[in-house]
Amino acid sequence: MSREGGFRYEFPAGLPLSGATPGTNILVSGPSPAGARRVALELLTTGSEAEATLVVSADESGRELLGRLDDPPRPLERSMLGVVDCVGSADDDRRFLAHTQPISHPGDLSAIEVELSILYEKLAARDPAGVRVGLVSLSALLAHGAFREVSRFFHMLTGRVIATDDLGVFLLDSTVEDRETVETMRHYCDGHVQVRAEEGGLELRATGLDAELETWSPVEFLVASDGWESRTSP
Amino acid sequence: MNEITVLRVSPGDEPAPAFDRVTDLPAVSAVDRGSLAAGKAVVEDHPVDCLVTAYDLPDGTGVDLARHLREHAPDAGCIVCTDTDPATVRAAAPEGFVAEFVDATAPDAAERLAALVRVTGEARCQTAYPLPETEPERCEVVDRLELEAPALRRAFDRITDLAALRVGVERATVNVLDSRTQEAVAARNVDWTTIPREETVCTYAILSEGVTVVEDTDADPRFAGDEGLDEMGIRFYAGAPITTDDGLAVGTLCVYDDEPRSLSAEGERALELLAAEAMAWIAAHAMGPGGRDATADDPEVTGP
């Protein structure tokens, strides 16, 4: 799916990152509870209303993920949002575009791929300006599957992002992964955003993206563990 | 751009309509078959870079064929493109089996499939290991290497002996890694020769400029529980990339032990120096007799 000439995936002003060209894959790592998850979701869900977002939710149910995105409310166009639920919950609440068949656990890579591709085509039929594809989290897949096959799956997923000119954002919890795992997964991506929590708030540094930030730079989120700061008008 | 071979399998005499645009891609050679058995025969006789298969075949399923391909060519790409109910495909595919899926009934199925074939073939994005950024260039250089000369082999044998003695182990190899396999071109006290890259540690070693040390393979998530490494008795690994002047890693110099251990800074330095010596021999051999550069068209292979 070729994007319009000059199209870029833009990031919110609160993140010290410039946008990304279509076909870019970004690994976001850090202590997930402390902010990496928040940064990853921000990268995924703050595109224009003309863009679509597809998230593979592997460490919480689709309902929980949507709840996270709902509180506080985010300006997401629900008809352009899809979630692949990998934690086995059967959910009849069709609050979002399309609910895929339940996947029993994050180790079922073949099922994840089938449901992801089906949901992708449903979103693509809406003719989005771009599609942001997320995996929250890669650590959940690694916890449930063999390293070699999860590595192959992730490689394939990043290749799909390249083939379809999408943006890929993938969360890796660095508190549970060792250096070799982080390094291996980083190789599959164009950029690596590392997140940490300091007393003054969240900080991040990035390599491989347009705005290389090799020193830690603050982001605008509050550190409070509950809730997000809404940076848009309700 | 190297040509990629795409095996297209769908029932009947003609490829499925969704498969049509694959042959519009540059540098694609398509082989068409209509059954599981015919597809398997191609897999066993020809190198296949990417499989595009329907699910329902007269004598089996596309998932059966994809699994067969993965056994023979672990690095090949597999794409199931079908109008079969996705639930049926899900039920047939083992949980950990990895392949692309395209719904043949989707409006953009043909375009989507062609895009996936292009990237799967060019970027080889269904390998279970990362590839160096310069993998295409690296493989071109490897394909031009001529390593059969007795003098070269004798030099490699000396290098493996020196490496083993310096580190204090019994086993060492000089390896060349092409696009899919690792071949031991010199082997001290080992009996393996050619191994699929995804079963090796060296495929990770060529990602780094320095020496890769795995003190305990069982403690490294990339290799823990690997039956192949267990069978080869590899518990400790240290490997230095053998690198051209342009930074292309054509292979590795490695030492092994069957027990966990560490490697000193001096040992790492020794492996680096011996790997450089191996590259010097390769480069000098590539120059040919009388100073003629046998690889004159390839600036990457230069003299020491």
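The values are calculated or read from the model by the stated rules, or taken from the named source; none is laboratory data. Keep in mind that what you see is a predicted model, and the values were worked out from it rather than measured. A quick note on method: Cβ atoms are made from the backbone with ideal geometry, for glycine too, and the neighbour counts reach across all protein chains shown. Ligands, DNA and RNA are excluded from the accessible area calculation, which covers all protein heavy atoms including side chains. Shrake-Rupley method; radii C 1.70, N 1.55, O 1.52, S 1.80 Å.
May I ask you to verify whether residue B:27 is in contact with a helix residue (DSSP H, G or I) (Cβ under 9 Å, 6 or more places away or on another chain), surrounded by fewer than 23 Cβ atoms within 10 Å (Cβ to Cβ) and farther than 20 Å from residue A:159 by Cα? When the stated conditions are applied, residue B:27 does not pass them. Taking the range A:189-200 as the search range and keeping residues that are in a loop (DSSP other than H, G, I, E, B) and of a type in the set (Asp, Glu), which one is nearest to the other protein chains (Cβ to nearest Cβ)? Ranking the qualifying residues of the range A:189-200, first place goes to A:190. Go through the residues of the range B:68-81 one by one and say whether even a single one is under 15 Å from residue A:113 (Cα atoms), modelled with pLDDT of 95 or more, open to solvent by less than 40 Å² (accessible area, probe 1.4 Å) and more than 24 Å from the chain's Cα centre (by Cα). Yes, the conditions are met somewhere in the range B:68-81. Suppose the filter is assigned to a helix (DSSP H, G or I) and modelled with pLDDT under 90; does residue A:4 pass it? Taking the combined requirement at face value, the residue does not satisfy it. Residues that are open to solvent by 50 Å² or more (accessible area, probe 1.4 Å), on the phi < 0 side of the Ramachandran plot and touching a helix residue (DSSP H, G or I) at 6+ places or on another chain (Cβ under 8 Å) occur at least once in the range B:158-169. Mind checking which residues of the range A:160-181 are more than 10 Å from every other protein chain (Cβ to nearest Cβ), among the β-branched types (Val, Ile, Thr) and over 23 Å from residue A:9 (Cβ atoms)? Hits for the range A:160-181 are A:175, A:176. Restricting attention to the range B:31-49, does a residue exist that is surrounded by 20 or more Cβ atoms within 10 Å (Cβ to Cβ), of a type outside the set (Lys, Arg) and under 19 Å from residue B:103 (Cα atoms)? No; the residues of the range B:31-49 include none that is surrounded by 20 or more Cβ atoms within 10 Å (Cβ to Cβ), of a type outside the set (Lys, Arg) and under 19 Å from residue B:103 (Cα atoms).
Of note, residue A:135 does not satisfy the criterion of being within 13 Å of another protein chain (Cβ to nearest Cβ), modelled with pLDDT of 95 or more and closer than 26 Å to residue B:74 by Cα. Given the condition buried (at least 16 other Cβ atoms within 10 Å of the Cβ), free of Cβ contacts under 8 Å to residues at least 60 places away in the same chain and either among the acidic types (Asp, Glu) or over 16 Å from residue B:229 (Cα atoms) (or both), answer yes or no: does some residue in the range B:141-152 qualify? No, the range B:141-152 has no match at all.
Residues being touching a helix residue (DSSP H, G or I) at 6+ places or on another chain (Cβ under 9 Å), in a strand (DSSP E or B) and either among the aromatic types (Phe, Trp, Tyr) or open to solvent by 40 Å² or more (accessible area, probe 1.4 Å) (or both) are represented in the range A:169-188 by at least one member.
Taking each residue of the range A:59-80 that is more than 19 Å from residue A:122 (Cα to Cα) and looking for partners that are modelled with pLDDT of 85 or more and assigned to a helix (DSSP H, G or I) with beta-carbon atoms closer than 8 Å, six or more apart or interchain, yields A:59/A:139; A:59/A:140; A:68/A:41; A:69/A:41; A:69/A:45; A:74/A:45.
Just so you know, in the range A:100-132 the residues that are of a type in the set (A, V, I, L, M) and open to solvent by 20 Å² or more (accessible area, probe 1.4 Å) include one that is farthest from the other protein chains (Cβ to nearest Cβ), and it is A:129.
Yes or no: residue B:230 farther than 24 Å from residue A:176 by Cβ and either touching a residue at least 24 places away in the same chain (Cβ under 8 Å) or more than 16 Å from the chain's Cα centre (by Cα) (or both)? When the stated conditions are applied, residue B:230 passes them. Check whether at least one residue in the range B:135-150 is within 14 Å of chain A (Cβ to nearest Cβ), under 23 Å from residue B:27 (Cβ atoms) and modelled with pLDDT of 95 or more, and report yes or no. Taking every residue of the range B:135-150 in turn, at least one turns out to be within 14 Å of chain A (Cβ to nearest Cβ), under 23 Å from residue B:27 (Cβ atoms) and modelled with pLDDT of 95 or more.
Residues in the range A:139-168 that are open to solvent by less than 10 Å² (accessible area, probe 1.4 Å) and among the aromatic types (Phe, Trp, Tyr): A:153, A:154. So if I check each of B:200, B:194, B:212, B:181, which one is surrounded by fewer than 16 Cβ atoms within 10 Å (Cβ to Cβ), β-branched (Val, Ile, Thr), without any contact (Cβ under 8 Å) to a residue 40 or more places away in the chain and in contact with a strand residue (DSSP E or B) (Cβ under 6 Å, 6 or more places away or on another chain)? Answer to the selection: B:194. For the range B:219-274, filtered to residues that are under 24 Å from residue A:185 (Cβ atoms) and open to solvent by 70 Å² or more (accessible area, probe 1.4 Å), the residue that is modelled with the highest pLDDT is B:219.
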